[in-house]
Each structure stands twice: as structure tokens, then as C-alpha cells.
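To start, the structure itself, in C-alpha cells.
The values are calculated or read from the model by the stated rules, or taken from the named source; none is laboratory data. Here the structure is a predicted model, which means the values were calculated and not measured. Cβ sites come from the backbone with ideal geometry, for glycine too, and all protein chains shown count toward neighbours. We work out accessible area using only protein heavy atoms, side chains counted, and drop any ligands, DNA or RNA first. Shrake-Rupley method; radii C 1.70, N 1.55, O 1.52, S 1.80 Å.
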Amino acid sequence: MPSSSNVRSRARERNSVLSRPEFISLNQPLRGGGGAGPSESRGSSRRPGQIKNQTSQQSEESADSGSKDRRESTKMPEEDCMQLNPSFKGIAMNSLLAIDICLSKRMGVCAYTSSPWGGCRSMVALLALTGHGITWIIGTIVCLTRSNTLAGQEVLVNLLLALILDVMTVAGVQRLVKRRGPWEMTPGFLDCVAMDVYSFPAAHASRAAMVSKFLLSHLVLAVPLRILLVLWAFLVGVSRVLLGKHHLTDMVCGFALGMFHFSLMETVWLSSSTCQTIISISTFSWSPSF
């Protein structure tokens, strides 16, 4: 039989062990247990009905969360959803767009100095500069100040208005479409001045087509010069594709837009008297007679 002193020492040791922080929770009675002791709290077990209710609640919560996830997944943005039954028109447009991008990237042989034709980049850029809007507007104004004939001034004033119309129209369409070039290049200073920032349509191609058609219609040129003028307009449009600035479709649409500008300018052609009035107002030498 153990002595009473040994029993008391063992009880003190057990109480000291249970008083440690990691065993404090064992000394706390269960909530709502009616003051049950530690032995009852450790020895008590959950009823089967309670376990069944808890499992059913967990299954319902998981089902609710799953249905909520499915509802959220069905609310995906339209651009992230794959069209399972695209139309024939959509397939054709996507195919043509892919071909256009592929061919335009392959033709961009002068896009960088490290490109296959990188050594010719400066020459191609100089050719493209001959079709720039700022170049043609400044050149037309200089020729207008030096012209002494009424017929020449009439042609130059209408050409100047056609150039301004071309620049404004192309800039508006580019701002509306906002298509980037095949090589995502930063536009240069002159491009920003002429508002030729985006790719569609090609401003140089539109301007070259309009100017070449304009000069062919209103100037008397020999056959070799006429051929050279048409060849120049075509090369200016192609040069922008070689530099990686535009796609092939941008160039084609630019040519079509330039022809439209020429037809529109021919429809609203300003007479010689109107052109003289505009010149007088612009040079501050207009003296109206009362």
C-alpha cells in the first residue's frame, strides 16, 4: 500500500503537469456541459445524430459553394469564351487576317537594322519620306508662292486642299480603328506631326495614290514620266510594308482611299476665282470692294 505522502506528491505532480499552457484546454469544461469536470469532458463523445447533422450541413455548404462557382464561371467575359460554332464568314475573316499578318511580317525585311535587308533601311525610309504628308504640304505651299499663272495656282490650291483632306481623313480613320503595325514600332516625330500613328489605313499609300492620280489628270506629262509616277506611288506604299509599319491590307486600303479622295476633290473642284480669293485671304492682301 502506498503511503499517503506518495499519493499527495503524485497528485501535486499531476496538477502541475495539467497547469502547463499546452494542457490548459484539457482542464476547461465543455461549453453548455453544465459544469462537467475534465474527466467527463475528455470522456464524453458526440452523439451519432449530431455527427449526422454536421455532415449534412457540410455537404449542403459544399454543394452551395459548388453551385456558386458554376454560376461565376458562367459569367465569364465574352472575349474569353470560345465559339464552338463559328460562322463561315468569321472563319474566312480570321483566316484572311492570319494570312495578312504572316505575309506582312515576312515582307518587313527592313524593319530593323538586323533584318535581312537592314542595310537598305535608310534608302527605303528615304523613299517613304517622299510620300509623307508634311513633305507634300510644304512643297505645295512653296510651289504656290512661286507660281505666277492662274491655272497653276488653281491646280496647286486644289492639291493643297486635297492633301489636307487626305491627312485629316486618314488620321480620323486610324484613331477610330487603332490597328497596330505588324512589328509594333513606335511612330517617329514626323509621323506624330502628321497624325500617322496607327497602321490602318496606310497614309503614305493613300497620299501617293491621290497625288499621282491628281498630277496625271492635271499635268501634261510624257509617257515615261507617267509610268515613273505610277511606279513611284506603288513603291511608296510598298516601302511602308518593307519598313514594318503597315500590313498589306493597310496598303491596299490606303490606295483605295487615295483614289476616293481624288474623286471627291474632282467633284468639289474650286474655280480659279475662288482659289484667288483663298490666296488673297491667306496672304492678308484681300481688299473686298463695296
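The residue pairs whose first member lies in region 117-131 and is more than 19 Å from Ser206 (Cβ to Cβ), whose second member is outside any helix (DSSP H, G or I) and open to solvent by 40 Å² or more (accessible area, probe 1.4 Å), and whose beta carbons are closer than 9 Å, counting only pairs six or more residues apart or on different chains, are Gly118/Tyr112; Gly119/Thr113; Arg121/Tyr112; Arg121/Thr113. Could you tell me whether region 195-204 includes any residue that is open to solvent by 60 Å² or more (accessible area, probe 1.4 Å), free of Cβ contacts under 8 Å to residues at least 12 places away in the same chain and not in a helix (DSSP H, G or I)? Within region 195-204, not a single residue is open to solvent by 60 Å² or more (accessible area, probe 1.4 Å), free of Cβ contacts under 8 Å to residues at least 12 places away in the same chain and not in a helix (DSSP H, G or I).
Being farther than 20 Å from Val252 by Cβ, at pLDDT below 90 and open to solvent by 60 Å² or more (accessible area, probe 1.4 Å) is not true of Thr135. Scanning region 170-189 for residues that are touching a residue at least 60 places away in the same chain (Cβ under 8 Å) and open to solvent by 40 Å² or more (accessible area, probe 1.4 Å) yields Val173, Arg179, Trp183, Met185.
In summary, Cys192 fulfils each of the numbered conditions (1) in a helix (DSSP H, G or I); (2) modelled with pLDDT under 95; (3) open to solvent by less than 30 Å² (accessible area, probe 1.4 Å) with the single exception of condition (3).
Among the residues examined, Met82 qualifies as open to solvent by 30 Å² or more (accessible area, probe 1.4 Å), out of contact with any helix residue (DSSP H, G or I) (no Cβ under 7 Å at 6 or more places or on another chain) and at pLDDT below 95.
If only residues of region 111-128 that are of a type in the set (A, V, I, L, M) and open to solvent by less than 70 Å² (accessible area, probe 1.4 Å) are counted, the one that is nearest to the chain's Cα centre (by Cα) is Ala111. Inside region 114-166, residues that are within 19 Å of Leu216 (Cα to Cα) and of a type in the set (D, E, K, R) make up a count of 2.
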